[in-house]
Amino acid sequence: MSACVSRGAGRHRLHAGPAWGWQPHHLGLYDDGHHLVAAAPVYLKGNSHHGEFVFDWSWANAWERAGGEYYPKLLCGVPYSPVPGPRLLAGTPALQRTLVAAMREEAGRLGLSSAHANFLLASETAAFGDDWLARSDVQFHWHNRGYRHFPDFLAALNHKKRKNILRERQQVAASGLAIEWRSGDTLADDEWDRVHALYEATFDDKGNHAVLTAAFFRRLGELGPLAQLALARAGGGIVAMALFLQGDGVLYGRYWGATLDVPALHFELCYYRGIEYAIARQLRRFEPGAQGEHKLARGFLPARTQSRHWLAHAGFRAAVANALAREASAMDAYAEELRQHSPYAQPGDATP
């Protein structure tokens, strides 16, 4: 069995090329040099931002202050997608371990400072040996407990959280905006262009880079019901949107944009309409995106994400391992504190 690296521009309607720090360097395992048996999405990453979401800036700064070159690093992940999912595309644990070994060997062959694998599935973490440092973070996910409809979900919450959600939804209803849920394959090109313009405006307002092009958005509309949208209209025109993707029984919240400052509109489009859709379609889970403690009060519970990191220099690896041990203890305490503030009613709670 042999390992092979695939290189390419990788810029089809997405600014994920070298100028943005993403140089495709995908890894494949071949049986007898011809038959592909396993693969991993791998990039030479020239920075630690632009769509990575597992932040190692402090490591890079420390290594460069010591006279080293941290970038490029080898990264196994999916650009601009803080979504746990398969990273080791292999049918057996043995092939997963072989992919991991090949990633490390490739980093060594190129003389790189490090190799990283972000947003791994729990079933993939065992493929990484003790020489890979473990790191965890917290996201907020909604789980479908067999709800029949949105009021059924509300009934599972404690009184305070239920009352707050009802108040927020009433604020949006009183705004006079028309809210609709649309499958992406029902949008015309001009509607997609408007959705893209709102997406770009959000990034511009925050001083960030909007990497997805209008052509990429219209392409989503060609992929059947993969893309779903919650839209707000005023006078017939789209004034706010939330974009979702779905697959394998999960809804993923991705982007939001609005031209009006309406109280609770963000929560209505990005969370409550998504929950309604997930219940109606009997989806298992709704992942609204990275970060955001405010999601806890709206029915989303803490979920741990996993990454693994190999650092070539033994002394540097030991120093980072010590830092990660302290970080892990703090992260465990944080996750436990979040669980103590669950929005769901506990046995014995009053239900006015």
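The values are calculated or read from the model by the stated rules, or taken from the named source; none is laboratory data. Predicted, not measured: the structure shown is a model, and the values here were computed from it. A quick note on method: Cβ atoms are made from the backbone with ideal geometry, for glycine too, and the neighbour counts reach across all protein chains shown. With ligands, DNA and RNA removed, areas are computed over all heavy atoms of the protein, side chains included. Shrake-Rupley method; radii C 1.70, N 1.55, O 1.52, S 1.80 Å.
Contact order normalised by length for the chain, with contacts defined as Cα pairs under 8 Å and 6 or more residues apart; what percent is it?
Reported as a whole number, the value is 20 percent.
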* Asked: Between GLY46, TYR80, TRP57, whose Cα lies farthest towards the positive end of the dipole of the stretch 46-98 when Lys and Arg beta carbons carry +1 and Asp and Glu beta carbons carry -1, centred on the Cα centre?
  -> TYR80
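Rounded to the nearest 500, what is the 222 nm mean residue ellipticity of the chain from helices alone, with -39500 (n - 2.57) per DSSP H run of 4+ residues and division by all residues? Walk me through the numbers before you get to the answer.
Details: 8 runs with 107 residues, N = 352.
Calculated from helices alone, the mean residue ellipticity at 222 nm is -9500 deg cm²/dmol.
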* So how much accessible area does PHE216 have, in Å² to the nearest 10, using a 1.4 Å probe? -> 60 Å²
* Per residue solvent-accessible surface (Å²) - the chain, probe of 1.4 Å -> 47 Å²
* Of SER175, SER113, which has the most accessible area and how do the rest follow, probe 1.4 Å? -> SER175, SER113
* Where the centre of each part is set by its Cα atoms, how far does the stretch 307-350 sit from the stretch 234-289, in angstrom? -> 28 Å
* To do: Please give the peptides 124-132, 299-307, 30-38 ranked by average Cβ packing (other Cβ atoms within 10 Å per residue), highest first, as a rough proxy for protection.
  => 299-307, 124-132, 30-38
* Structure fact -> Per the C-alpha gyration tensor (a ≥ b ≥ c, the square roots of its eigenvalues), the stretch 187-307 is rounded if a/c is under 1.5, else prolate if a/b beats b/c, else oblate; here it's rounded
* To do: Would you mind telling me the share, in percent, of accessible area of the chain contributed by carbon and sulfur at probe 1.4 angstrom?
  => 53 percent
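Could you check what % of the DSSP bridge pairs in the stretch 199-329 are antiparallel, to the nearest 5? Intermediate results must be reported in sequence, preceding the final value.
On the way: 16 of 19 bridges.
Close to 85 percent.
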